[in-house]
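So the structure is just underneath, and the comments pick up after that.
The values are calculated or read from the model by the stated rules, or taken from the named source; none is laboratory data. Predicted model, so just to flag it, every value in this text is computed and none were measured. Because the Cβ atoms are built from the backbone with ideal geometry, glycine has one as well, and the counts that use them run over all protein chains shown. Protein only, heavy atoms only, side chains kept; ligands, DNA and RNA dropped before computing areas. Shrake-Rupley method; radii C 1.70, N 1.55, O 1.52, S 1.80 Å.
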Amino acid sequence: MGNRLSRITTKTGDKGETGLGDGSRISKSSQRIHCIGDVDELNSWVGMLRASLSNDDGLQPMLDQIQHDLFDLGGELAVPGYNALHSVLIDDLEDYLEELNDDLPPLKDFILPGGSESASRCHMARTVCRRAERNMVVLLEAKHSDNDINLLGLQYLNRLSDLLFVLARVLARREGGQEVLWKTRHQRES
């Protein structure tokens with residue numbers, strides 16, 4: 001991994017470039033930087049979700065692991081050729097997903113984001129996760145010689161967005177809120 005920053009204000013990005021962990025410099029508008037930003041924003045939303053839950057909430061260890069995984073994914077994107085993610089992380093997400101989904105009723109309607117504060121934060125994290133996933137696909141499809149992206153990152157984001165959807169359902173029900181079901185205009189006016 002690259003050097004740790006001892007000074008935050010370096011002024012090296014004042015002309016629209018930023019440094020990667022391998023020392024190379026790229027435009028702040030590059031697709032790689034878009035992906036890094038999306039993963040960072042997603043991690044921040046997971047942090048907001050965690051802050052809305054009590055410290056002794058049983059979901060905290062899972063969310064803590066997710067935040068560390070997302071930081072590792074950001075590290076992979078920031079340091080070309082560096083791999084931090086492992087397939088066991090995908091298995092972990094699938095296990096969490098199965099466990100959380102077991103107690104939920106079958107989904108018969110579309111759900112609108114909302115239901116409770118924590119569920120809403122979870123939906124925000126889910127939508128940012130989907131954006132990160134889409135932008136990673138664009139990066140993977142780019143025909144650049146420096147395209148050294150670990151495909152596990154894409155799988156991770158795909159599973160994580162599913163987990164965040166199910167977690168939002170769990171939180172809405174658990175916190176006494178209601179899942180907000182989508183209704184057609186006709187149904188709303190009846």
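Brief remarks follow.
- Where Rh is the Kirkwood radius over Cα pairs, Rg/Rh for the stretch 78-146: 1.07
- Percent of alpha-carbon pairs separated by more than 22 Å within the stretch 25-171: 38 percent
- Sorting the segments 115-127, 49-61, 76-88, 27-39 by their residues' average number of neighbouring beta-carbon atoms within 10 angstrom, most packed first, yields 115-127, 27-39, 76-88, 49-61.
- When the helices of the chain are scored as -39500 (n - 2.57) per DSSP H run of n ≥ 4 and the total is divided over every residue, the value at 222 nm lands at -19500 deg cm²/dmol.
- Taking amide H atoms as placed 1.01 Å from N in the peptide plane, the amide H of ILE111 lies under 5 Å from those of TRP182, each 5 or more residues away in sequence or on another chain.
- Positive minus negative residues near ARG50 (Lys, Arg vs Asp, Glu; Cβ under 11 Å): -1
- Dipole orientation for the chain: of the candidates LEU20, GLY153, ASN43, LEU20 has the Cα lying most toward the positive pole (charges on Cβ; Lys, Arg +1; Asp, Glu -1).
- What the stretch 25-171 shows is 49 Å² of accessible area per residue, with the surface traced by a 1.4 Å probe over protein heavy atoms.
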